[in-house]
Structure formats: C-alpha cells, structure tokens
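Trainee: Have a look at the structure that comes next, please.
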Amino acid sequence: MLTHSRPRPGHILAQRWLVQYGMEAHAASYRRYLTKRGYSHNTIERYYRGLAHFAHWISEQGIGLREVDDALIDRFLFVHLLHCHCAPKCERSRTSIHAALKLFIEMRGIARAEPISSVSTAISREVADFDRHMSEVRGLSESSRYVRRRDVTEFLVDRFGSGLIRIANLCPSDIENFVLRRTRGLAPSTIKGVGIALRSYFLFKSSCGIPTTTLIAALPRVALWRLSGLPDILSPEEIRQLLSAFDRNSATGMRDYAITRCLLDLGLRRAEVAQLCLDDIDWRVGTLTLHGKGNRIDVVPLPRRTGEAIAGYLQYGRPQTTRREVFVRHRPPINAGAGLDIVRNAVRYAAERCGLQQRVRGTHIFRHTVACRMAQGSAPFKEIADLLRHRILDTTTIYAKVNVPALRLVALPWPGRHS
C-alpha cells in the first residue's frame, strides 16, 4: 500500500508566501529547471524554501521582481538573515539561499549570477560600474575582470567599509599601506597584479572626473624582470605519470583526459578549452577554431591523439545535453558547460592522484611545456608564437633560454679562460 508523506510546515509556509507574492508560476518553472539539471529532491525543496523566503522579504519591502539585483540580494543575505523574524520554519541557511537565488537569477535572466560577498550596497554598485567599464570600454575578458573586481572590492572594503565611497578623500599613504598589507608574502607577479587592478580602477575614476594622478603615482613599483627566470615545464616522465592518472573507463575520466590532451598537445588556455564548441571542430580537415583573448579567432591543426580523446569522450562519456560546448558538467547543474574551474580541477585532481600536486597547480604549465618542447626541437620562434597565438613575437623569446644546444653555439668564451 502506497503512503504519501504530509508536506512539512516549512514547505507549506513557502507555498503560501509564493502564492501571496504571485510567484507560484515562477516557482513551478524553477522546480522543473532544477529537476532537468539533476538536483536531488531534498536540494530542490531546500532551494524552493530559500526562494520563498526571499520572495516574502522583497514583498514586505515593496520591491518588484524586476528590481532584483546583486546589491539587493547582498542586503538580504548579510543584513536581513542576521535578524530574521519572518517565521519559525523559514529557510535561513545563507549558503542554500545564495545558491537558490543564483540559479533563479540564471533561469530568469534578471541580473548577473556572480558570487556574492559581504560588502555594502555602495561598494557592490561601484564594482558593478567598474566592471561595465572594463567590459564595454576596455574590452577585457571575464577572467581578467574577475581578478580586478576581486582586488578592487578588497580595497574599497578596506578603506570605506560600509560607508560612502569618497575617492577624493584618499591620500597616497592609504594606497601604499593597503598594498603593503594586502601583498605581504606574495610573489612579485601577484603584487604586480594588485597594482594593475588598482591602477585600472583609478583610471576609471579619472574618466569620471575625479583626480587620481597622485593615487596612481603612489602605487609601489614591483621589481619584476620578464626574462629573469626559466619557464616551469613538465618532464616526459611527469607527463606519462599525469596521463596515466585518469580513469578512462568512466565518463568523467574520459572528459578530464580529453581536456588535458587539449592543454598538453595544443597549449590551449583554460578559457579556450572551456569555450570549445562542437561547431569549432572540423573533423574532415582536422582543425580546431579557437576563440581566444581579445575576441581573437584562430584555426589550428587538431593532433591525432587530441582528436581521438575528444571523439572518445563525445561517443562514450558525454551525457545527453542540449549544450554546444564540447565539455559539459556531469553533476548538477546538469545541462551546463564545463566552466573554468572544471578545466583547472581536471588536471589538479589528476596531479594529486599521481603525486604531482606540487608541480601542477594550474593549467599554464602545459603552455610552457608545449613551447619548450618545440624550442628544444629547434622549431622556429614564429612557429611557436603561432601555436601559442602570441600577438607579439617578443613574448615568445623567453623559450630561447631552454634550448641549451642552440645557446652553446652562440656562447662566447668566458673571460680569462685558458686555451
């Protein structure tokens, strides 16, 4: 005999709130959206209650659904939830509600579904304005904008907290003190990145009519010589270890192996792998169309081993999906492309399994490895630059330092050497 469990009090409360706000149709679509992406029943219920709590709150505030933005969600998560007295059974888990609202925003297209942090409304809006400037005026990629948003947000929180943002009131010592505190113990390249982010922000404020020349001048200079070191590369033995660390009998293992072959055989950037679509592969001719930095489009040869790995994944590992990206998620949310984190984690987890976690911490080491192998094989620098899609040939010159046989041919005798 079948029995039906009674709805929990929290679920009944959520239904009532959604009906009162006129969101029952949206909630039904939301449930279907989560179900299609493979979320479990318990997760869907938790997210449903979180959405209902947020709907009740904006209803009490007299705010329409179209007015929802990151700043409003920020207020709900980090102000309202701390002192919530809406009802004893309402959903109050910040993590669950954050995830629920992010997915609802994604479904509705109301606002950008970006990570939400504990910052004031003023700072959230300021960073959003800066992000639009970087995107629409500067044409920066999402990965570059993400790093600059993060560093500028930290700076604004450090200097202004929850108060008003008054850039004109800052003095050079404020900039110096923040950079010194924020970058203590970090590598020179990371320190330089923080300075670039702040300089970009101050230039944006300058374009708005706020004088920032003295603030830009106060940014510390970093002693970082471009050709001072050698590129870190993987040895042939380490490559064999890494490639053997994938379970190629599992769907995820096939995907991660194909991702790694793209990185290792072609020296692709992480974003280029994540954005690779089915339409970008010409199987007859054996080429890939890559959408790189600065909206640049390049066509490169598809190596046989790389093509075999991708074809194996598409035939036997890729789940049923309407996505056009080659690599997709295998866990909820289903029917979504593999983001930058999945590409990075594919190699990180494999490196942990074979004991190379100290050597492989990101994906850029594969670009270095590809270029150095070509340089050691006496490939022309123009050919290396074309494969890596460097716009300036001078960017490729660092790989000359790893071609030891060629360097011996041009090395001069050491002064004082006895014949």
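The values are calculated or read from the model by the stated rules, or taken from the named source; none is laboratory data. Since this is a predicted model, take the numbers as computed values, not measurements. Methodologically, a virtual Cβ is constructed for each residue, glycine included, from the backbone with ideal geometry; neighbour enumeration extends over all protein chains shown. Quick note on the areas: whole protein, heavy atoms, side chains included, nothing else; ligands and nucleic acids left out. Shrake-Rupley method; radii C 1.70, N 1.55, O 1.52, S 1.80 Å.
Trainee: Per residue, how much space in cubic angstrom lies within the convex hull of the C-alpha atoms of the chain?
Mentor: Value for the chain: 213 Å³ per residue.
Trainee: Residues of segment 117-154 with the amide nitrogen closer than 16 Å to a label point 7 Å from the Cα of Arg389, along Cα-to-Cβ, please.
Mentor: Counting only backbone N, you get 140-144.
Trainee: May I ask for the longest run of the chain untouched by chymotrypsin sites (Phe, Trp or Tyr not before Pro) that are loop-located per DSSP and have at most 11 neighbouring C-beta atoms (other than their own) within 10 Å?
Mentor: Answer - 1-224.
Trainee: A further question follows. Within the chain, what whole-number % of the accessible surface is contributed by carbon and sulfur, with the 1.4 Å probe and all protein chains included in the calculation?
Mentor: 52 percent
Trainee: How much length is gained on full extension from Glu142 to Ser29, taking 0.36 nm per residue of separation minus their Cα-Cα distance?
Mentor: Here the answer is 37.8 nm.
Trainee: Roughly how many Å² is the accessible area per residue of segment 192-299, as a whole number, for a 1.4 Å probe?
Mentor: With the other protein chains kept in place, segment 192-299 gives 52 Å² per residue.
Trainee: Counting only heavy atoms of the protein chains, get the accessible area per residue of segment 302-387 (1.4 Å probe) and round it to a whole Å² value.
Mentor: Ligands and nucleic acids excluded, the result is 52 Å² per residue.
Trainee: Now, a different point. Pairing the Cα long axis of helix 304-316 with the longest principal axis of the chain, what angle in degrees results, from 0 to 90 and rounded to the nearest 10?
Mentor: Roughly 20 degrees, rounded to the nearest 10.
Trainee: Given points 7 Å out from each Cα along the Cα-Cβ axis, report the Leu186 to Ala217 separation in nanometres with one decimal.
Mentor: Each label point is offset 7 Å from its Cα along the Cβ direction, giving 2.5 nm.
Trainee: If the reach is capped at under 14 angstrom between alpha carbons, list the aspartates and glutamates near Lys382, excluding any in the same chain fewer than eight residues apart.
Mentor: Reachable aspartates and glutamates: Asp394.
Trainee: Moving on to the next point. If the viscosity is 1.002 mPa s and the temperature 20 °C, what Stokes-Einstein diffusion coefficient in µm²/s follows for segment 27-171 when Rh is the Kirkwood radius over Cα pairs?
Mentor: 128 µm²/s
Trainee: Among the listed pairs Lys36/Lys205; Lys205/Lys293; Lys36/Lys192, which have their C-alpha atoms separated by more than 32 angstrom in this model?
Mentor: Distance filter (> 32 Å) returns Lys36/Lys205; Lys36/Lys192.
Trainee: With r as the distance between the Cβ atoms of Ala122 and Cys171 and R0 = 22 Å, compute the FRET efficiency 1/(1 + (r/R0)^6) and round to 0.05.
Mentor: That gives a FRET efficiency of 0.60.
Trainee: So between Ala251 and Leu164, what do we pick up on full extension, going 0.36 nm a residue minus the alpha carbon distance?
Mentor: My answer for the length gained is 26.2 nm.
Trainee: Please compute the per residue accessible area over segment 38-79 with all protein chains in place, 1.4 Å probe, rounded to a whole number of Å².
Mentor: So segment 38-79 comes to 42 Å² accessible per residue, rounded to a whole number.
Trainee: Once Lys and Arg get +1 and Asp and Glu get -1 on their Cβ, which of Gln20, His80, Thr35 lies farthest toward the positive end of the dipole of the chain?
Mentor: Thr35
Trainee: Could you point to the residue in Ala128, Asn345, Ala218 farthest towards the positive end of the chain's charge dipole, with +1 and -1 charges on the Cβ of Lys/Arg and Asp/Glu respectively?
Mentor: Positive-most Cα among the choices belongs to Asn345.
Trainee: Under a point-charge model restricted to the Cβ atoms of Lys and Arg (+1) and Asp and Glu (-1), what is the dipole moment magnitude of the chain relative to its Cα centre, in debye to the nearest 20?
Mentor: Value, rounded to 20: 500 debye.
Trainee: Something else now. With a point put 7 Å past each Cα toward its Cβ, work out how far Glu106 is from Leu278 in nm, to one decimal.
Mentor: Distance between label points: 2.0 nm.
Trainee: Hey, another quick one. How large is the helix-only mean residue ellipticity at 222 nm for the chain, computed as the sum of -39500 (n - 2.57) over DSSP H runs with n ≥ 4, divided by its residue count, in deg cm²/dmol to the nearest 500?
Mentor: Per the formula, -16000 deg cm²/dmol.
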